[in-house]
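A.B. asks: This is the structure, below, for whatever I ask next.
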Amino acid sequence: MPRRRAAAVTAARPEPRVLPTGGVLLNWGAPGHWDGRVQLPCRYCGCLTHLRDDRGRPADKVCAEAQLAEVGRVVQAQAAQGLL
């Protein structure tokens, strides 16, 4: 039986979805975002969480989305002032 060609994987990280309110909804469906062994303090709020960001650091999904939205607001404000 002939071997099948493997499908090329082009996007390792899906693009975040933009919410109607201007926030961002991150996709943390990959198994690497969950550590069932131990809870660690979220890097943003300090509450214990099993969730991990893309770099393996403990972070609640909601906190990471709020931080990303804040960074976006700062960048937009600086761009509006001609600083970027």
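A.B. asks: Filter the range 25-84 down to residues that are of a type in the set (V, I, T) and open to solvent by less than 60 Å² (accessible area, probe 1.4 Å), then give me how many there are. Quick ask: steps written out before the conclusion?
C.D. replies: Step one: filter the range 25-84 for residues of a type in the set (V, I, T), giving 38, 49, 62, 71, 74-75.
Retained after the next criterion (residues that are open to solvent by less than 60 Å² (accessible area, probe 1.4 Å)): 49.
Of the residues in the range 25-84, 1 are of a type in the set (V, I, T) and open to solvent by less than 60 Å² (accessible area, probe 1.4 Å).
A.B. asks: Ok, one more. Name the pairs: first residue in the range 57-76 and modelled with pLDDT under 90, second residue part of a strand (DSSP E or B), Cβ to Cβ under 7 Å, at least 6 apart or on different chains?
C.D. replies: Listed pairs, sorted by first residue: E65/V24; E65/L25; L68/V24; A69/V24.
A.B. asks: For the range 24-70, enumerate the residues that are under 14 Å from the mean Cα position of the chain (by Cα), not in a helix (DSSP H, G or I) and not hydrophobic (A, V, I, L, M, F, W, C). Can you show your working first?
C.D. replies: Just the residues of the range 24-70 that are under 14 Å from the mean Cα position of the chain (by Cα), to begin with: 24-34, 42-44, 51-70.
The next check asks that each one be not in a helix (DSSP H, G or I); those that pass are 24-30, 34, 42-44, 51-60.
Scanning the range 24-70 gives N27, G29, R43, Y44, R52, D53, D54, R55, G56, R57, P58, D60.
The values are calculated or read from the model by the stated rules, or taken from the named source; none is laboratory data. Quick caveat: nothing in here was measured; it's all calculated off a predicted structure. Don't worry about glycine lacking a Cβ; one is built from the backbone with ideal geometry, like all the others, and counts go over all protein chains shown. Please note that ligands, DNA and RNA were not included when accessible areas were found on the heavy atoms of the full protein model with its side chains. Shrake-Rupley method; radii C 1.70, N 1.55, O 1.52, S 1.80 Å.
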